[in-house]
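Every read-out reported here was derived from the displayed coordinates using simple, explicitly stated rules and does not represent laboratory data. What you are looking at is a predicted structure, and each value in this text was computed from that prediction instead of being measured. Cβ coordinates were reconstructed from backbone atoms using ideal geometry, including for glycine residues, and neighbour counts include every protein chain displayed.
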Amino acid sequence: MLHDVLVIGGGFAGLSAANVLARARRSVLVIDAGEPRNRFSSHAHNIIGHDGRSGAAILEDARAQLALYPTASLLSAKAEAVEGGADSFTVTLYDGQRIGARRVVLATGVTDTLPEIPGARERWGQTVLHCPYCHGYEIGGGRIGVLAANAHAAQHAALISEWGRVTLFANGLAIDGEGRGLLARRGVVIEDAPVAALEGEAPAIDAVRLSTGKRIEISALFIPVSARPSPLAASLGCELIDTPAGAIVRVDDLKRTTMPGVYAAGDTARGMHSIAFAAADGMMAGVALHKDLVGL
């Protein structure tokens, strides 16, 4: 069977795109490996009407609702490769199955690469965090750490000081005079020595231990991450863009990639990441793709 659309990735962007296409009575298959990026977090926020629910619960509802449309289907699998072009794409799954489609939506999300700090991985999504808008309210008012990694470290720490008493761990990175002046005005303390480890009974965090042996008590640590998109985009010939947070797929305002017939939505194709942004991107991709199929 040649589907109208194959959506690779069953997260918020992918399901949103699929929902639009199913309501347009187009045959759409969602291929999902079952590894949403936010699976490490127990609650999701900034989603109107769903604040505080788990991302897993919201996705479960979305899958059940999509399944009610007769032209939509979901397949629990992982895509290994995509080849072809508009009107004749073929997706190969890891089990060897090959599926054809006229169009493809890449909604694969990204993979986070965390700093190599002992104790970070087992706390990721709980007390080691990335987005203050997602988690700042819950940990606000306490002692918060921010790990420096690039030239934007001072601005990042200054922003997070809205939610508590912040210590910026420079971790050996030089903070220039302008940055130090900004942090002083915001009441942010700077620790220049490298970070040795995170302490406490995970997933809780009690303190950051520096290479000097000094111990700084905190209740949460915001860290920079480097995000990697799925290799499927590059293998198709889609152009990527380098950003401070990692590479993303280049798309236009209609979520079209540089490869005809391939659309990308959600974290894989935007610098600022959230469930609400991903769902909106998915809807735009679905609408634009449907018009493409109609020939408009």
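Arranged from fewest to most other beta-carbon atoms within 10 Å of their beta carbon, L254, L29 become L254, L29.
As a proxy for reagent exposure, ranking C131, C238 by other Cβ atoms within 10 Å from fewest up yields C131, C238. Think of it this way: in the chain, C238 stand alone, with no other Cys Cβ under 4.7 Å. What shape does the chain take by its C-alpha gyration tensor, where a ≥ b ≥ c are the square roots of the eigenvalues and a/c under 1.5 counts as rounded, a/b above b/c as prolate, and the rest as oblate? Judged from the Cα gyration tensor, the chain comes out prolate (a/c at least 1.5, a/b above b/c).
Using the Cα centre as the reference, give the magnitude of the dipole from point charges on the C-beta atoms of segment 115-222 (Lys, Arg: +1; Asp, Glu: -1; all else neutral), rounded to the nearest 20 debye. Mind showing how you got there, number by number?
Details: 10 positive and 12 negative charges, 39 e Å.
For segment 115-222, the charge dipole is close to 180 debye.
Relative to one another, the C-alpha centroids of segment 28-61 and segment 267-292 are positioned 15 Å apart.
From the Cα gyration tensor of segment 115-222, with a ≥ b ≥ c the square roots of its eigenvalues, which class applies: rounded if a/c is under 1.5, or else prolate if a/b is larger than b/c, or else oblate? Before the final figure, lay out each step's value.
Numbers: a/c = 1.72, a/b = 1.20, b/c = 1.43.
Verdict is oblate for segment 115-222.
In straight Cα distance, which lysines are under 21 Å from K255, not counting same-chain residues fewer than 8 positions off? Answer for K255, where 21 Å is the Cα cut-off: K291, listed by chain and number. Once you charge only the Cβ atoms, +1 for Lys and Arg and -1 for Asp and Glu, what is the size of the charge dipole of segment 166-228 about its Cα centre, to the nearest 20 debye? Roughly 140 debye, rounded to the nearest 20.
Comparing A207, S226, H50 along the charge dipole axis of the chain, the residue lying farthest to the positive side is H50, per the Cβ-charge model. As a rough footprinting exposure proxy, the listed residues T92, T108 were ranked by other beta carbons within 10 Å of their own, and the order from fewest upward is T92, T108.
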